[in-house]
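Everything on this sheet refers to the single structure shown next.
The values are calculated or read from the model by the stated rules, or taken from the named source; none is laboratory data. Please read all numbers here as calculations on a predicted model, not as lab measurements. We place every Cβ from the backbone using ideal geometry, glycine too, and count neighbours over all the protein chains shown.
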Amino acid sequence: MPPVFRFAPSPNGHLHLGHAYSALLNFDLARQSGGRFLLRIEDIDATRCRPEFEAAIYEDLAWLGISWDTPVRRQSEHLAAYRDAIDTLSAQGLIYPSFESRAEIARLVAAKEAARAWPRDPDGAPLYPGTAKSLPREERDRLIAQGLPYALRLDMTAARRRAGNLVWRERGEGPCGETGDVAARSEAWGDVILARKETPTSYHLSVTVDDALQGVTDVVRGLDLFWSTSVHRLLQDLLGISPPLYRHHRLIRDEAGRKLSKSTKATGLRKLRAAGASPADIRRLVGLPPFCGGQPTPPP
C-alpha cells in the first residue's frame with residue numbers, strides 16, 4: 001500500500017508561512033514516495049471556523065501548486081464517528097464528566113498553587129484540579145439531567161493502567177533530540193478533555209479517529225505537537241488503532257523568534273501573494289528547495 005500523508009488546517013483564519021511549510025513538506029513527501037496527499041478541514045470549533053476561511057485554504061493551497069485527493073474530509077460532517085469513539089472509551093470505564101467552568105477551574109488552581117506548585121502539561125496549562133472523578137454515578141446523572149454544561153475527561157490513571165507503557169516511532173526529532181522509538185508520556189497531560197456537552201469531540205480525539213479512518217500512514221506536523229502525540233498514542237491503543245509513523249518538523253518563526261500564529265496576525269500567504277510573491281518565493285522563504293521530481297526534501 002502506498003503511504004498516505006495529510007494536511008489538516010482549521011478554517012479559523014488565513015494560512016501563514018508555517019502552514020505553507022507543513023503543507024508543502026507533506027505534499028513533497030507524498031510525491032517522492034508515490035503516496036497520496038489528503039486535505040482535512042478541522043472545523044469542529046463552530047464559533048471560530050468560517051466558510052470564507054475554508055474557501056481561502058483551497059485557494060492558497062492550489063496557488064502553491066498543491067493538489068489533493070477528494071473528497072475533502074470535514075470534521076463537522078463526521079461527529080457520529082467521534083461519538084462512537086467516546087462510547088468505546090466509556091464502555092471501558094475510562095470517561096467521566098466534570099462540571100466546573102473555566103473560571104471555577106482557574107480558582108481551584110489558584111488555591112492549589114497558594115500551597116504548592118501545581119503541575120502543568122507540556123503546553124504550560126495546569127492539570128485538572130477538580131474532584132469530578134470521585135462523584136457517584138447518581139450525582140453525575142443528576143447534574144447532567146439538570147442541564148449543566150460538562151466536559152468529558154479521560155481518566156488518565158485508569159487509561160495508563162489499561163494500556164501500559166507505549167512508544168511511537170519518530171522519524172523527525174523532538175525538542176530535546178528525541179527520535180526513533182519515543183516513550184509516550186501521556187500522564188503529563190492529566191485528565192484531558194475528549195469532548196464537551198455541546199461538542200462531541202476535541203482535537204486529541206478527532207485527530208486520532210480521523211487519521212485512522214482516512215488510513216493515514218505518516219503524520220508530518222509541527223514540533224509544537226510533539227508531546228501531544230503521547231495522548232494520541234494512548235487513544236490509539238485504547239481504541240484498537242494501529243499507530244502511524246510520525247515526523248515532527250521545525251517551526252517557522254517570526255523575526256522575534258515566536259511561532260507564527262493566526263491569532264497574532266502573522267504574515268499570511270494572501271498578504272505575501274498580494275505583495276507579488278510567487279509560489280517559488282514561498283518555498284524559498286520556508287527553506288524548501290524547488291521541487292524537481294526526484295530531489296529529496298531536506299529534513300525538518
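The figures follow:
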quantity: Test for residue 110: is it out of contact with any helix residue (DSSP H, G or I) (no Cβ under 6 Å at 6 or more places or on another chain), among the small types (Gly, Ala, Ser), more than 20 Å from residue 201 (Cβ to Cβ) and assigned to a helix (DSSP H, G or I); calculated: yes
quantity: Residue 141 vs. criteria charged (D, E, K, R), touching a residue at least 60 places away in the same chain (Cβ under 8 Å), under 30 Å from residue 76 (Cβ atoms) and out of contact with any Ser or Thr (no Cβ under 6 Å at 6 or more places or on another chain); calculated: no
quantity: Residue count, the stretch 150-167 (criterion: among the polar types (S, T, N, Q) and under 12 Å from residue 230 (Cα atoms)); calculated: 1
quantity: Residue among 126, 200 that alone is surrounded by 11 or more Cβ atoms within 10 Å (Cβ to Cβ), closer than 27 Å to residue 222 by Cα and free of Cβ contacts under 8 Å to residues at least 24 places away in the same chain; calculated: 126
quantity: Residue ID - surrounded by the fewest Cβ atoms within 10 Å (Cβ to Cβ), chosen from residues in the stretch 218-243 that are in a helix (DSSP H, G or I) and in contact with a strand residue (DSSP E or B) (Cβ under 7 Å, 6 or more places away or on another chain); calculated: 224
quantity: Segments classed as strands (runs of 3 or more DSSP E), wholly inside the stretch 150-204, with at least 3 members that are closer than 21 Å to residue 133 by Cβ, assigned by TED's automatic domain parsing to the domain that holds residue 92 and within 17 Å of the chain's Cα centre (by Cα); calculated: 193-196
quantity: Residue in the stretch 103-115 that is exposed (fewer than 12 other Cβ atoms within 10 Å of the Cβ) and at positive phi present; calculated: no
quantity: Any chance residue 116 is at pLDDT below 95 and more than 28 Å from residue 25 (Cα to Cα); calculated: yes
quantity: Any hit, the stretch 29-40, residues being touching a Pro at 6+ places or on another chain (Cβ under 6 Å), under 24 Å from residue 203 (Cα atoms) and either surrounded by fewer than 18 Cβ atoms within 10 Å (Cβ to Cβ) or of a type in the set (A, V, I, L, M, F, W, C) (or both); calculated: no
